[in-house]
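Each reported figure results from applying straightforward, stated rules to the coordinates on display, with no laboratory input. What you see is a predicted model; the values in this text were computed from it and never measured. Ideal geometry is used to build each Cβ from the backbone, glycine not excepted, and the neighbour counts take in all protein chains shown.
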Amino acid sequence: MADLQESLKAVNKDKAERTDIERCREDFPILARKVHGKPLAFLDNAASSQMPDVVMHAYTDYHSRYHANVHRGVHLLSQEATSAMEQAREDIRELINAGSAKEIIFTSGATDAINLVMQSWGRANIGEGDEIIISTMEHHSNIVPWRMLCDEKGAVLKVIPISDEGVLDLDAYASMFSNRTKLVGIVYVSNTLGTINPVDEMTRIARAHDVAVLVDGAQAVSHLKVDVQQIDCDFFVTSGHKMYGPTGIGILYGKQELMEKMPPWRGGGDMILSVSFDEVIYNDLPYKFEAGTPHIAGAIGMGKAANYIKTVGYDAIHHKEQELLMYATEKLQAIDGLRIIGTSPEKSSVISFVVDGIHPHDIGTVLDLEGVAVRTGHHCTQPLMERLGIVATTRASMAMYNRKEEIDQLVTALHKATEIFR
Amino acid sequence: MDDKLSQLYQQVVLDHNKTPRNFRVLDPADFESLGYNPLCGDKYKVFLNIDEHNIVTDISFIGDGCAISKASASMMTTFVKGKHIDEIEKLFHQFHDMAQGKLDPENDPNDLGRLKIFYGVRNLPARVKCATLCWHTLHAAIKGKEKVTTE
Ligand SMILES: Cc1ncc(COP(=O)(O)O)c(C=O)c1O
């Protein structure tokens, strides 16, 4: 009897701890803020999403109770810091279903992770005349490092074309491979268009040509269940601040066999087993790629963010965000002179748009003064903008905690903008 | 309309945005310069003729960008035409200071006249560069430089 009551209690406790998506908004204190005297409608989640209080508490907890360096102290605080950071690694591993926590390298973000791959794997494996395939809709962070490498090595950057709707041309992609192709770098979810790319299929095609694949998942992890083993990519990168975690932290996932063969990039403490002036023996994964003191608080926070996502659950997130996307699409389309940029059938909760006769930057200011935070500009995708023949867009990007009322606030503010400029 | 909003987008600004003055290529031009703000993609070219007394005899601009940047460029061209380049240099610094809130055009000595209308951008840090882009470009043209960016 006592046993039964105990287990019932446990079930109820479990329920109470499970975050209900309709109430998750309460976990994000910043969303109650006012800006310019108006309630904040935060629709700039693709740039950085907000943090739930569990993430902030973990951050403060580290600083107020066990702030110490990792992997080097015999004292309790250092041990606690080490185990919290390693727990975070494990929590992130679980979220993206990596086979081992050794395959999770902490970096300062997605950009840093791509640069790590470029500097280590890229410089060792790409030579003159070799080819790298990326897509038209890449973020600058998945263009510039490869452009730099190509310039250094005399390699060739090839670009997968897209349709006017913002969908990759997969036939063109499949025919781009040659025996010089060494790498495919592809964005999972476009930060500008919202397009979700078929990374599983694309990796399969690359595999058939024995070509390595890097998936830029910066915009994926907060929206959809990522399974790096199912995708079967060699590398996967993401940033903490785009998945309800802190800035300054991110990860590189890489297949263990591959990363074991890769030379270290940065040298320093933590990434070594022993050092003399004549010889250095490098540490094992993942530390081989984590030179110097890491962003410990950030890593811990990112781990908590990963757990937060698991608690809410991807099914609930997907359902809610797709509902917001449909609602916003319908409402925005009804505005005179507004055109949505990016209409892929497979789309995450991001809407870029242009309005006749009003520059996005002016829209951004009007919206800001109405309490609506959006991003305007080229969104670090200048080649994509050029392909679409536009200079800039206004982008509203929704997260699990957004509400229809905020879309309404956006729409009202847009009407105000059109009033001013017509 | 909201206070800040109406201060920023005054009728004059909206009008210059819709029908910019001196919006053409000047050919031939003694000087020209390209101004670019990578943040929002604003891109303008300013053309300039200066006579032997260092007076700006003609000025024009082309390009595209937000309402603030375009209206600012348009009003700048009407304002500096016929002025000596030393005077323009002074205006450049005054305008710059005003946009950053370092100069109060109502109370501090200045020659900004109707350009005071851009005082409103000081409240909106993200828009300061929009208002000053054309001035940087003009400044560079006079100095014989080729290209400026406000990033
Ligand atoms: C698709 C995509 N990739 C990479 C990045 C770079 O992320 P970070 O700036 O956190 O390194 C971003 C950020 O905007 C992004 O949207």
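Take B:V25 and tell me if it is among the β-branched types (V, I, T), part of a helix (DSSP H, G or I) and more than 8 Å from every other protein chain (Cβ to nearest Cβ). When the stated conditions are applied, B:V25 does not pass them.
Remark: A:E419 falls outside the filter, which requires a residue to be touching a strand residue (DSSP E or B) at 6+ places or on another chain (Cβ under 9 Å) and more than 8 Å from chain B (Cβ to nearest Cβ).
Note on the stretch A:407-416: residues that are more than 13 Å from every other protein chain (Cβ to nearest Cβ) and out of contact with any Gly (no Cβ under 9 Å at 6 or more places or on another chain) total 5. Within the stretch A:168-217, the set of residues being in a helix (DSSP H, G or I) and among the hydrophobic types (A, V, I, L, M, F, W, C) comprises A:L170, A:A172, A:A174, A:V199, A:M202, A:I205, A:A206, A:A208.
Evaluate the following for A:E22: is it more than 16 Å from the ligand (Cβ to nearest atom) and part of a loop (DSSP other than H, G, I, E, B)?
On the way: more than 16 Å from the ligand (Cβ to nearest atom): yes; part of a loop (DSSP other than H, G, I, E, B): yes.
Yes: the conditions hold for A:E22.
Of everything in the stretch A:390-405 that's of a type in the set (S, T, Y) and in contact with a Gly (Cβ under 9 Å, 6 or more places away or on another chain), which residue is farthest from A:A328 (Cα to Cα)? Even if it seems obvious, please write down each step before you answer.
Of the residues in the stretch A:390-405, the ones of a type in the set (S, T, Y) are A:393-394, A:397, A:401.
Still in the list and also in contact with a Gly (Cβ under 9 Å, 6 or more places away or on another chain): A:393-394, A:397.
Details: A:T393: 16, A:T394: 14, A:S397: 10 Å.
It comes out as A:T393.
Annotation note: of A:T394, A:T365, the sole residue that is of a type in the set (S, T, Y), part of a helix (DSSP H, G or I) and either within 13 Å of chain B (Cβ to nearest Cβ) or more than 19 Å from B:L39 (Cα to Cα) (or both) is A:T365.
Within the stretch A:102-113, identify whether any single residue is surrounded by fewer than 22 Cβ atoms within 10 Å (Cβ to Cβ), more than 15 Å from the ligand (Cβ to nearest atom) and in a helix (DSSP H, G or I), and answer yes or no.
Taking the stretch A:102-113 as the starting set, the residues that turn out to be surrounded by fewer than 22 Cβ atoms within 10 Å (Cβ to Cβ) are A:102, A:108, A:111-112.
Of the ones still in play, those that are also more than 15 Å from the ligand (Cβ to nearest atom) are A:102.
Of the ones still in play, those that are also in a helix (DSSP H, G or I) are A:102.
Scanning the stretch A:102-113 turns up at least one residue that is surrounded by fewer than 22 Cβ atoms within 10 Å (Cβ to Cβ), more than 15 Å from the ligand (Cβ to nearest atom) and in a helix (DSSP H, G or I).
Taken over the stretch A:150-193, the criterion of being more than 15 Å from the ligand (Cβ to nearest atom), under 23 Å from the mean Cα position of the chain (by Cα) and either under 20 Å from A:A113 (Cα atoms) or within 14 Å of chain B (Cβ to nearest Cβ) (or both) is satisfied by A:L183, A:V184. Criterion applied to A:T311, A:T247 was being within 16 Å of the ligand (Cβ to nearest atom) and surrounded by fewer than 23 Cβ atoms within 10 Å (Cβ to Cβ), and the one residue passing it is A:T247.
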